[in-house]
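Single-structure report; data block below.
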Amino acid sequence: MKKAIVFAGGGAKGAYEAGFIKAIHEAQMDYQIVTGTSIGALNACLLAQKDIDVLLHLWENIEEKDVFEGGLPDLSFDFDHMLDQSHLVISFFKNYMKEKGADITPLKHLIRRLLNEDKLLQSSIDFGLCTVQFPSLKPLYITKEEMPRQHIYDYLLASASCFPLFPIHRFQDQAYIDGGYYDNVPIDLALAMGADEVLVIDMSYPVKHSHYLHRPHIHYTYPTVELSGFMDFSKESIQRSLRLGYQQGQKAMNKYVGHKYTFLPFQTVLFEKTYQNILLIERYIRQYTKSSSQDHLYQQFLEAHFQEPLQKEDYLYILLDWICEILGRDESYVYQFDIFVHDLLQDFQEYLQKDFSVLLNGDLHILKHMNNKGIVGIILHFLLYPEHDKIGNERLMTLFDKQYVIAQLIKMIYIEEKQGSL
């Protein structure tokens, strides 16, 4: 059985892959094939060379100056902002016209320094990449055995030639551009190289190859939060991507749990109780609205899970995601469930008190203009003290279904915590 890892292209997002690789390495995952496109090809090459420490050091220390000569202006095309950095913009476009693309001399030096042809060719791990011939736009899948030794560097640079930002790369009377123009996630190449099992590290959603989702021999992973831009090499963004990639890798290795937000593994009665409670609420809503169609609440859970099939535990994880979003929690942090519960109850402490003042008097207009935390807090208070509810459970459930199930979960957490049975 041959296992393959497939790396997507994505510029600075390659830091996410580096974090994922760290998790794979810690889990001592065995693999025989690596493929990649663009920056994914460079990461795959370093993995094939078994230079994992080199790869991690690269991404923990990379800066924009390691890729572009003279820096890269913010090309967001906000005119006032461009005027503020006019010296950098003018310098960039002078070089751009001269080089027919950005001056990527530092990137060329970086690839030359990181590539070790002897290590790569002698490695037991097979390696392949994707690039595209220009101007025919004919794709080229090529493995290390098919590359002339003296041109391995050229193929790596060709795969990462993100035209028109980067110059077209030419060698052996042929021009090449970024492999992402044809296949940014070369799963097909891994299969053609003999892979029986494939771990895919996509860096975008919607994913590039949805036809490979839910296949028994393909573990298709992708970020559950938005990554920074593909040219954002700021220290903060790179470190965030490293953390997010590591977390997703740990989830793939069954070391961490959660969906958008990440938790250390935990056991709780809430997995079963949350699922049963949501089924009950969905049934009540159908009765109240006299509708037999698939309900709005279920669709929100599916959307939060990227239309992937829902398992029982996913309902709790998604509700925890929604709570974290409401409270503005950091999505790149790893949470411990018992500490999370303690902080959560502190955040909603005022709504848990019986003497909390609710001045709604059945006025839904006031409730609708509150922020999500306020709506959840008011519903939570009504669930704990129904005698204070001047609106009605049915109306709350149907008009604020998402906030209602969040409040129900917080109520369950509060009660289970008081009883010591969480």
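Can you tell me how many residues in the range 180-199 are within 15 Å of Ser38 (Cα to Cα), out of contact with any Gly (no Cβ under 6 Å at 6 or more places or on another chain) and at pLDDT 95 or above?
Total satisfying the criteria: 5.
State all residues of the range 343-370 that are of a type in the set (Lys, Arg) and more than 14 Å from Phe382 (Cβ to Cβ); if no residue qualifies, say none.
Lys368
For the range 108-215, please list each of the helices (runs of 4 or more DSSP H) lying entirely inside it that holds at least 2 residues being crowded, with 17+ Cβ neighbours inside 10 Å and either under 25 Å from the mean Cα position of the chain (by Cα) or among the aromatic types (Phe, Trp, Tyr) (or both). Quick ask: steps written out before the conclusion?
On the way: elements: 117-122, 152-159, 187-192.
The qualifying helices (runs of 4 or more DSSP H) are 152-159, 187-192.
Out of curiosity, is Lys368 within 25 Å of Arg286 (Cα to Cα), modelled with pLDDT under 95 and not aromatic (Phe, Trp, Tyr)?
yes
Which ones in the range 25-39 are under 21 Å from Leu189 (Cα atoms) and touching a residue at least 60 places away in the same chain (Cβ under 8 Å)?
The answer is Met29, Tyr31, Gln32, Ile33, Val34, Thr35, Gly36, Thr37, Ser38, Ile39.
With the structure loaded, tell me whether Asp80 is at pLDDT 80 or above and either under 19 Å from Thr35 (Cα atoms) or assigned to a helix (DSSP H, G or I) (or both) or whether it fails that test. Lay out the reasoning, then the answer.
On the way: at pLDDT 80 or above: no; either under 19 Å from Thr35 (Cα atoms) or assigned to a helix (DSSP H, G or I) (or both): yes.
In short, no.
Consider the range 390-412. How many of its residues are farther than 22 Å from Leu344 by Cβ and part of a helix (DSSP H, G or I)?
Qualifying residue count, the range 390-412: 5.
For the structure I just gave you, tell me whether Asn254 is at positive phi and either outside any loop (DSSP other than H, G, I, E, B) or under 24 Å from the mean Cα position of the chain (by Cα) (or both).
In short, yes.
Tell me which residues, restricted to the range 216-231, are assigned to a loop (DSSP other than H, G, I, E, B) and either under 15 Å from the mean Cα position of the chain (by Cα) or closer than 26 Å to Glu64 by Cβ (or both).
Scanning the range 216-231 gives Tyr222, Pro223, Thr224, Val225, Glu226, Leu227, Ser228, Gly229, Phe230, Met231.
What are the pairs with Cβ atoms under 9 angstrom where one residue, in the range 205-229, is farther than 12 Å from Glu308 by Cβ and the other, located anywhere, is in a loop (DSSP other than H, G, I, E, B) and among the basic types (Lys, Arg)? Sequence gap at least six, or different chains.
Val225/Lys260
Given the structure, is Glu387 farther than 17 Å from Phe348 by Cβ and either assigned to a helix (DSSP H, G or I) or free of Cβ contacts under 8 Å to residues at least 24 places away in the same chain (or both)?
Considered against the rule, which asks whether it is farther than 17 Å from Phe348 by Cβ and either assigned to a helix (DSSP H, G or I) or free of Cβ contacts under 8 Å to residues at least 24 places away in the same chain (or both), Glu387 comes out as yes.
Taking the stated definitions as given, is Thr268 surrounded by fewer than 20 Cβ atoms within 10 Å (Cβ to Cβ), of a type in the set (Val, Ile, Thr) and either modelled with pLDDT of 95 or more or part of a strand (DSSP E or B) (or both)?
yes
Considering only the range 1-19, state which residues are under 15 Å from the mean Cα position of the chain (by Cα) and within 30 Å of Gln133 (Cα to Cα).
Of everything in the range 1-19, those that are under 15 Å from the mean Cα position of the chain (by Cα) and within 30 Å of Gln133 (Cα to Cα) turn out to be Phe7, Ala8, Gly9, Gly10, Gly11, Ala12, Lys13, Gly14, Ala15, Tyr16, Glu17, Ala18.
Take the conditions exposed (fewer than 11 other Cβ atoms within 10 Å of the Cβ), under 32 Å from the mean Cα position of the chain (by Cα) and assigned by TED's automatic domain parsing to the domain that holds Leu399 and apply them to Lys312. Does it pass?
no
Determine, yes or no, whether Asp321 is surrounded by 18 or more Cβ atoms within 10 Å (Cβ to Cβ), touching a residue at least 60 places away in the same chain (Cβ under 8 Å), out of contact with any Cys (no Cβ under 6 Å at 6 or more places or on another chain) and within 27 Å of Glu303 (Cβ to Cβ).
On the way: surrounded by 18 or more Cβ atoms within 10 Å (Cβ to Cβ): yes; touching a residue at least 60 places away in the same chain (Cβ under 8 Å): yes; out of contact with any Cys (no Cβ under 6 Å at 6 or more places or on another chain): yes; within 27 Å of Glu303 (Cβ to Cβ): yes.
Yes; evaluated as a whole, the condition is true for this residue.
Condition first: of a type in the set (Gly, Ala, Ser) and more than 31 Å from the chain's Cα centre (by Cα). Now tell me which residues in the range 397-419 satisfy that.
Taking the range 397-419 first, the residues of a type in the set (Gly, Ala, Ser) are 407.
None - no residue of the range 397-419 is of a type in the set (Gly, Ala, Ser) and more than 31 Å from the chain's Cα centre (by Cα), so the list stays empty.
The values are calculated or read from the model by the stated rules, or taken from the named source; none is laboratory data. As the structure is a prediction and not an experimental result, all values here were calculated from the model. Reconstructed Cβ throughout: ideal geometry from the backbone, glycine too, with neighbour counts over all protein chains shown.
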